[in-house]
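The values are calculated or read from the model by the stated rules, or taken from the named source; none is laboratory data. Model, not experiment: these values are computed from the prediction. With ideal geometry, Cβ positions are generated from the backbone for all residues, glycine too; neighbour counts draw on all protein chains shown.
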Amino acid sequence: MQTKLLTATMIAALAATAAFADKVTLVSGSTLTGTAGDFSDGKLAFKSDDLGDLTIDVKKIATLESDKAHVVRYRDMSTSTVPLTVVDGEYQVSGAALDMANVKDIDPAPEAWHGSLNFMGSVTRGNTVGESATITGDLNRRWEEDRLTMNGGYYYAASGDTKQDKQKTTSRFELLAQEDHFWSKKFYSYVNGKYETDRIMDLDYRWRVGLGGGYQWLENDDFGFGKLSFNQEAGLSYVGEKYEHGDDDKYGAFRYAHHLSWEIAAIKNLTFAHNLEWLPQLDEWADNYIIDTDAGVVYAFSANWQLVARVEWDYKSKVSSGVKHSDLRYVLGLGYKW
């Protein structure tokens, strides 16, 4: 009698577990039971009772039976928490299709710091003796209404026929920080600051602070061929600089900048980026201006490691006598990201 009672209890417990399990039916007709996780980039994390942890493309799901609540973030940055299911590869809420035209993402990652630290270097021995080293880094965080971006770099190179006559050919340091506040989903105001030195250009220092406005035309918008982000900025800056063979100079400047990022769909984990900044002096637009621009790619070959290839070009129209107006740098190296 006790054995029969125990068996009946076990069957009832198993039936209750099955009743509460999430269920995925694939377009192919296969069925999985287990626990549904979060959605990310059009995929569902699912822990199958039989197969373990899986990632399932939403377009391959015929039906998802689950009571799990999911966070939906809309393009105006508002959010709602709803029991989200899938029918024939489309998201549904309470039996109605979710309007994806107004959705930015589903189950967004928690707000966190992101960044990278990249290293490049070389050593030459023989007919030419030389070394070069470059360290660049960036740090950023995006909140619902604010965004903080910081980046910087140190560039060093020296070469010669022998160790005794080796001379520095590159010695540059720069550090930039900018804080953006979004007044709407597209428009934001910013404040920023930058400090730099360049011994080869005879630049003892250049600092600037500025403020202005920007427009976020695209932010991780998926066009099929990849995700695009693009924003433009305009504002005013106050610049102070000193060259080794010159006097201190301070002036107001107009600032224009744009930033482009393209996650290329055809090549997984490859991102192209381009940045441009132009600062002409307010009362000497044609005679005194600064242009900083770069373009390159980043290939993430693992969760935390990446390859970096970038071309950087700096131009200053007014420099010390005997100093070139521009610097062109080729950066190739290994980076750690988080």
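The single condition from (1) within 30 Å of residue 300 (Cβ to Cβ); (2) among the small types (Gly, Ala, Ser); (3) assigned to a loop (DSSP other than H, G, I, E, B) that residue 246 fails is (1). Screening 334, 279 for residues that are assigned to a strand (DSSP E or B), surrounded by 17 or more Cβ atoms within 10 Å (Cβ to Cβ) and either of a type in the set (Val, Ile, Thr) or touching a residue at least 24 places away in the same chain (Cβ under 8 Å) (or both) leaves exactly one candidate, 279. Evaluated against (1) surrounded by 14 or more Cβ atoms within 10 Å (Cβ to Cβ); (2) modelled with pLDDT under 90; (3) more than 26 Å from residue 210 (Cα to Cα), residue 185 falls short on exactly one condition, (3). Please indicate, with yes or no, whether at least one residue in the stretch 160-181 is within 25 Å of residue 319 (Cβ to Cβ), in the same structural domain as residue 298 (by TED's automatic domain parsing), within 23 Å of the chain's Cα centre (by Cα) and of a type in the set (S, T, N, Q). The answer is no, given that none of the residues of the stretch 160-181 is within 25 Å of residue 319 (Cβ to Cβ), in the same structural domain as residue 298 (by TED's automatic domain parsing), within 23 Å of the chain's Cα centre (by Cα) and of a type in the set (S, T, N, Q).
Could you please find all residues in the stretch 212-262 being surrounded by fewer than 15 Cβ atoms within 10 Å (Cβ to Cβ) and of a type in the set (Asp, Glu)? Listed by number, the residues that qualify are 221, 222, 244, 247, 248, 249. Taking the conditions (1) touching a residue at least 12 places away in the same chain (Cβ under 8 Å); (2) among the hydrophobic types (A, V, I, L, M, F, W, C); (3) more than 30 Å from residue 76 (Cβ to Cβ) in turn, residue 177 satisfies each one other than (3).
Please tell me if residue 149 is in a strand (DSSP E or B), among the hydroxyl-bearing types (Ser, Thr, Tyr), under 31 Å from the mean Cα position of the chain (by Cα) and within 27 Å of residue 78 (Cβ to Cβ).
Values: in a strand (DSSP E or B): yes; among the hydroxyl-bearing types (Ser, Thr, Tyr): yes; under 31 Å from the mean Cα position of the chain (by Cα): yes; within 27 Å of residue 78 (Cβ to Cβ): yes.
It is true that residue 149 is in a strand (DSSP E or B), among the hydroxyl-bearing types (Ser, Thr, Tyr), under 31 Å from the mean Cα position of the chain (by Cα) and within 27 Å of residue 78 (Cβ to Cβ).
Tallying residues that are touching a strand residue (DSSP E or B) at 6+ places or on another chain (Cβ under 7 Å) and either more than 20 Å from residue 273 (Cβ to Cβ) or among the aliphatic types (A, V, I, L, M) (or both) within the stretch 226-254 yields 19.
Looking for whichever is closer than 30 Å to residue 76 by Cα, out of contact with any Cys (no Cβ under 8 Å at 6 or more places or on another chain) and part of a strand (DSSP E or B) here; the options are 184, 229, 159, 171. Which one fits?
Numbers: 184 fails: part of a strand (DSSP E or B); 159 fails: closer than 30 Å to residue 76 by Cα; 171 fails: closer than 30 Å to residue 76 by Cα.
Among 184, 229, 159, 171, only 229 is closer than 30 Å to residue 76 by Cα, out of contact with any Cys (no Cβ under 8 Å at 6 or more places or on another chain) and part of a strand (DSSP E or B).
Taking the stretch 154-181 as the range and being modelled with pLDDT of 85 or more and acidic (Asp, Glu) as the test, the residues that pass are 174, 179, 180.
Checked against the criterion of being polar (S, T, N, Q), closer than 27 Å to residue 323 by Cα and touching a residue at least 24 places away in the same chain (Cβ under 8 Å), the stretch 234-253 contains one or more residues that satisfy it.
Residues that are closer than 21 Å to residue 209 by Cα, assigned by TED's automatic domain parsing to the domain that holds residue 135 and buried (at least 17 other Cβ atoms within 10 Å of the Cβ): does the stretch 293-312 have at least one? No, every residue in the stretch 293-312 fails to be closer than 21 Å to residue 209 by Cα, assigned by TED's automatic domain parsing to the domain that holds residue 135 and buried (at least 17 other Cβ atoms within 10 Å of the Cβ). If you take the residues of the stretch 135-172 that are basic (Lys, Arg) and loosely packed, with under 14 Cβ neighbours inside 10 Å, which of them is nearest to residue 311 (Cα to Cα)? Among those residues, the one meeting the criterion is 168.
Can you tell me how many residues within the stretch 194-211 are of a type in the set (A, V, I, L, M, F, W, C) and either crowded, with 20+ Cβ neighbours inside 10 Å or outside the structural domain of residue 169 (by TED's automatic domain parsing) (or both)? I'd like the intermediate steps shown before the answer.
Going through the stretch 194-211, the residues of a type in the set (A, V, I, L, M, F, W, C) turn out to be 200-201, 203, 207, 209, 211.
If we keep only those that are either crowded, with 20+ Cβ neighbours inside 10 Å or outside the structural domain of residue 169 (by TED's automatic domain parsing) (or both) as well, we get 201, 203.
Qualifying residue count for the region: 2.
Among the candidates 295, 257, 286, which residue alone is over 26 Å from residue 170 (Cα atoms) and either out of contact with any helix residue (DSSP H, G or I) (no Cβ under 8 Å at 6 or more places or on another chain) or not in a strand (DSSP E or B) (or both)?
Details: 295 fails: over 26 Å from residue 170 (Cα atoms); 257 fails: over 26 Å from residue 170 (Cα atoms).
None of the others qualify; the one that does is 286.
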